[in-house]
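In what follows, a single structure is set out as structure tokens and then discussed.
The values are calculated or read from the model by the stated rules, or taken from the named source; none is laboratory data. Owing to the predicted nature of the structure, the values given are computational and were not obtained by experimental measurement. Here the Cβ positions follow ideal geometry from the backbone for every residue, glycine too, while neighbour counts run over all protein chains shown. These area figures cover heavy atoms from the full protein model, side chains too; ligands, DNA and RNA do not enter into them. Shrake-Rupley method; radii C 1.70, N 1.55, O 1.52, S 1.80 Å.
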Amino acid sequence: MTALDVGVLILRVVLGLTMAAHGYNKFFGGGRIPGTASWFDSIGMKPGMFHARVAATTEMAAGIGLAVGLLTPVPAAGFVALMLVAAWTVHRANGFFVVNQGWEYNLVLAAGAVAIPAIGPGRLSLDYALFHGTAMWDVVQGWWGLVIALALGLGGGIGQLVIFYRPPAKTGA
């Protein structure tokens, strides 16, 4: 085991559990799924109930998947899609900085998640336990891992926006 293995484990667990907590909060916090659904409707992601369920499930699955390092490029792609949609629908108009509700945090989560399959999930991952020494190991890390995470993530996020996002009409003078 190397310092790199421990470092990537720390990154996977912190990013993964952070994302999973967001999904958990959508299911069980404050307004739960109905409240989240109303919020999705209000920002133009319709139908809100569908998006609330998909977002909460994806956040939990991608978060846990990244934390344990299982098929690492796939949960990383989930991060990219989720953060692209969040940045575009909620934070884009507020600029970059998170102090102004900008998209800075979304970028950090997505970039951190994509870096993990590029670097490799490390020896302290389910990918290593299941796939090390097989052809699949080359798919879950390095160039293939990076390309899979970016292609699936960008495709999923852009597809969701094109199909479902209808910005609310602006009111006022």
Running a GNM on the chain with Cα contacts under 10 Å, which residue among A77, A115, A93 ends up with the highest mean-square fluctuation? A93
If I take the Cα coordinates of the chain and project them onto the principal axes, what are the three extents in Å, biggest first? 62, 30, 29
Using a 10 angstrom cutoff on alpha carbons, build the Gaussian network for the chain and name the most mobile of A110, A76, A86. A86
Compute the accessible area per residue over the chain, keeping the other protein chains in place, probe 1.4 Å, unit Å². 53
Along the charge dipole of the chain, Cβ charges K/R +1 and D/E -1, which of L4, V147, I163 sits furthest on the positive end? I163
Under 8 Å for C-alpha pairs, at least 6 residues apart: give me the relative contact order for region 3-164, rounded to a whole percent. 27
With the crude spin-label approximation of a point 7 Å out along Cα→Cβ, what separation in nm comes out for L17 versus Y105? 1.8
What do you get for the angle between helix 73-86 and the principal long axis of the chain? Use alpha-carbon atoms, 0 to 90 degrees, nearest ten. 20
Between 0 and 90 degrees, rounded to the nearest ten: what's the tilt of helix 104-119 against the longest Cα principal axis of the chain? 20
With angles folded into 0 to 90 degrees, how steeply does helix 3-28 sit against the dominant principal axis of the chain? Use alpha carbons for both and round to 10. 30
With every protein chain left in place, what is the accessible area of L107 in Å² (1.4 Å probe, nearest 10)? 80
Which order, highest average first, do 152-161, 129-138 follow once you tally other Cβ atoms within 10 Å for each residue and take the mean per peptide? 152-161, 129-138
Heavy-atom accessible area with a 1.4 angstrom probe orders E104, E59, most exposed first, as E104, E59
Keeping the other protein chains in place, figure out the carbon and sulfur percent of the accessible area of the chain, with a 1.4 Å probe. 72
Here, M136 and V54, labelled 7 Å along Cα→Cβ, have an inter-label distance in nm of 2.8
Subtract the Cα-Cα distance of A3 and N25 from 0.36 nm times their separation in residues, and report this length gain in nm to one decimal. 4.6 nm
